[in-house]
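The values are calculated or read from the model by the stated rules, or taken from the named source; none is laboratory data. Since we're looking at a predicted model, the values are computed, not measured. Neighbour counts are summed over all protein chains in view; Cβ atoms, including those assigned to glycine, are modelled from backbone coordinates with ideal geometry.
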Amino acid sequence: MIDRHLYHVPRLGRNPSRFRLAGIPVITVMLGSAVTALPLIAQSPVMPPFGLLILLSWRLLRPELWRAWIGLPLGLFDDMMSGQPIGSAMFLWTVMLMGVDAIEHRMIWRSYRQDWLIAGFAIIVCMAGGLFFARITGGGDVRFLLVAPQMFWTILLFPFVVRQCARIDRWRVMA
Amino acid sequence: MARPPSRRPGHNRKAQYSLFASYVVAVTGAAIGLLLVIVAIFDPTGFAGIRAVTAEVTRPVSAGLKNMVSGVSSVDEVLAAYWRAGSQNVTLRRQVEADRNRIIEAKAVAQENARLKKLLKLVDEDASQLLTARLISSSSSSARRFARLNAGRWQGVLPGMPVRATEGLIGRVHSTTPNTSDVLLLTDTGSIVPVRRANDNIPAISTGAGDGSLEIRALSAGRNPFKPGDLLVTSGIGGIYQPNIPVAVIVRVQGEIAWGFPLANPSRVDAVVVERAYEQVVTRPDPAAPATTQGAEPGNAATP
């Protein structure tokens, strides 16, 4: 070789392992859901739902990666990690993914800004739904204002998370 | 980015069926999820058993991290202590000398107290404490306020047991797994604690506001009797919490509602104490029961 850097260029005819292609996105979403295992005793809902953010990032970055049912297992895992009633994220994430499918079907062309807009709506729907479920399953009178700041910085955090997912994705598909 | 091609399978029958099947699975699963939530309306801890898997797996990680964090979080205190070492030393020495007399007095009072109690034949066995454990993680992304405790069913923790720290009440156990349990914190919107004002027994109900404060409503009719600075302790009504556990201090009064702030901060306390439910402690076993079981009661009361 003339250029030493070319050693690190992905070689033609080789594919990354199936585990890396299919498993890495699932693992990143599960790690995002598992952030609640950190030893932080929160007095108010402060932590952005990283599982939801990473799921949305992968979905909007790689539309062909998953079908809508992926929201079921990943949502169940998120319910097990967060304090929400079991079934809450299962329902909300699946419905949210089907909604994103429907929007994508209508849209002819979308770019980064439309992605952010879609993600913003999805985050609002999922968090408001989660709040509603928390309220009807014994949460008492939870006010919407309580989750408004969390909603706000989750939406602001989306561009950062989507960048990190893109970075992981570049490594993921490289042979 | 253009519309992805894979969502439109075209004339390929197999691809069409696969897409359709994926939506059938998704809709069915979503319906099942909704059903689980509806079940949770009537039985909030019903499917919480599923949580045991992840709770047990993440427990060592959380507990290990918690040990590290509690070491790190006190670094500032250690540094501050060095900064003022000289002056602090002098002050503390004076304090110790002043306290020594008090301690001797207190010992005398305690002795006298024990003797008087013996005269009165009062039984005052405090068998309420079950164990001490650490809070290792919490539901930081949810609107509910749960904290995970590093002790569970195998250690004798049962749902409904009150959890307190030396500073005051933390909450009560909501659900248990073999080695962990979820504690419903005092500040959760679903956590209701009967309290009274410490100095004059005015009863009230404390409900969490979800953001770290408490909403306190007096049970007496008429104008709001509370004023900022009032201390609230548990009243013992309801049979879960022992009386006289410090709960909150009132910071603001707004019409009918007084807003309080919990005295014990779950994120600052080092360890918490799980107690037996008050009802269980004060209720004597049936007098007809043999005396041996009565003697063994304090130790075995919580073992399932």
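A few points about this structure:
- Test result for B:VAL157, more than 11 Å from every other protein chain (Cβ to nearest Cβ), more than 12 Å from the chain's Cα centre (by Cα), crowded, with 20+ Cβ neighbours inside 10 Å and not in a strand (DSSP E or B): yes
- Residue among B:VAL193, B:VAL249 that is within 14 Å of chain A (Cβ to nearest Cβ) and not basic (Lys, Arg): B:VAL193
- Looking only at residues of region A:52-69 that are facing another protein chain (nearest Cβ under 10 Å) and crowded, with 22+ Cβ neighbours inside 10 Å, we find that the one that is nearest to the chain's Cα centre (by Cα) is A:LEU52.
- Qualifying residue in region A:167-175 (condition: small (Gly, Ala, Ser) and part of a helix (DSSP H, G or I)): no
- Residues located in region A:123-134, provided they are more than 8 Å from chain B (Cβ to nearest Cβ) and out of contact with any Leu (no Cβ under 6 Å at 6 or more places or on another chain): A:ILE123, A:ILE124, A:VAL125, A:MET127, A:ALA128, A:PHE132
- Selection within region A:93-111: residues that are within 9 Å of another protein chain (Cβ to nearest Cβ) and part of a helix (DSSP H, G or I). The member of this set that is farthest from the chain's Cα centre (by Cα) is A:HIS105.
- Set A:MET80, A:MET127: member being crowded, with 24+ Cβ neighbours inside 10 Å, not in a loop (DSSP other than H, G, I, E, B) and not aromatic (Phe, Trp, Tyr): A:MET127
- Tallying residues that are modelled with pLDDT of 90 or more and not small (Gly, Ala, Ser) within region A:13-28 yields 5.
- Test: B:ILE216 is β-branched (Val, Ile, Thr), touching a strand residue (DSSP E or B) at 6+ places or on another chain (Cβ under 9 Å) and under 28 Å from B:ARG153 (Cα atoms): no
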